[in-house]
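The next block holds one structure in the form of structure tokens; read it before the comments.
The values are calculated or read from the model by the stated rules, or taken from the named source; none is laboratory data. What you are looking at is a predicted structure, and each value in this text was computed from that prediction instead of being measured. Reconstructed Cβ throughout: ideal geometry from the backbone, glycine too, with neighbour counts over all protein chains shown.
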Amino acid sequence: MSKQDPNQERFLARFDRIVLDLFSIGERLVLVLIGVLAMVAVVMEIIEFSREGSVRLADLLLLFIYLEVVGMACAYYATHSVPVTLPVLIAITGITRLIILQGKEFEPTQLVFEAGAVLLLAVGYGVLSWASERFHRAGRSAAIDTQAID
């Protein structure tokens, strides 16, 4: 193996830092764009409510989807990670809204499959929440144990 020139190593380290900074800036810009567009969609929905003079349950569920998208963008912007439960909640809300919008004219088996999907997602959400709480608590007690040793 050949040893790299120190100047070349510095150049590569600086180049890597610049590329990572550009990706980080791009990521933040896209997150801000997602949040802004979700808020614009909320405003457009509210204008539509006032124009129609009524609000349906499906409309409220759509607002919850927008709220969850904004919450997910905010959580990711603040912590650089998204709790896996947020997309599950968005999926549950989206399928529920789909069921409500379909009304009574659709095939009953389709409704059973969609309700089964909501149930499966709800069970998954419960398992993820339980596991997150259990392992978070275990991690906290392990940290406390390690502090006591130090």
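Worth a mention:
One line per residue, one yes/no per condition, for (1) in contact with a Phe, Trp or Tyr (Cβ under 9 Å, 6 or more places away or on another chain); (2) within 26 Å of HIS136 (Cα to Cα); (3) in a helix (DSSP H, G or I); (4) assigned by TED's automatic domain parsing to the domain that holds HIS136:
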residue: LEU29; (1), (2), (3), (4): no, no, yes, no
residue: LEU62; (1), (2), (3), (4): no, no, yes, no
residue: TYR77; (1), (2), (3), (4): no, yes, yes, no
residue: PHE113; (1), (2), (3), (4): no, no, yes, yes
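- Filtered by the rule that a residue be among the aromatic types (Phe, Trp, Tyr) and closer than 23 Å to TYR77 by Cβ, the range 5-23 gives a lone residue, PHE23.
- GLU68 being in contact with a Ser or Thr (Cβ under 9 Å, 6 or more places away or on another chain), in the same structural domain as TYR125 (by TED's automatic domain parsing) and at pLDDT 85 or above: no
For (1) small (Gly, Ala, Ser); (2) within 18 Å of the chain's Cα centre (by Cα), each residue gets a yes or a no:
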| residue | (1), (2) |
| --- | --- |
| ALA41 | yes, yes |
| GLU45 | no, no |
| GLU48 | no, no |
| LEU63 | no, yes |
| TYR66 | no, yes |
| VAL70 | no, yes |
| TYR77 | no, yes |
| SER81 | yes, yes |
| THR85 | no, yes |
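- Residues of the range 11-42 classified as exposed (fewer than 11 other Cβ atoms within 10 Å of the Cβ) and not basic (Lys, Arg), total: 12
- Entry remark, the range 33-71: residues being among the β-branched types (Val, Ile, Thr) and touching a residue at least 24 places away in the same chain (Cβ under 8 Å) number 5 in total.
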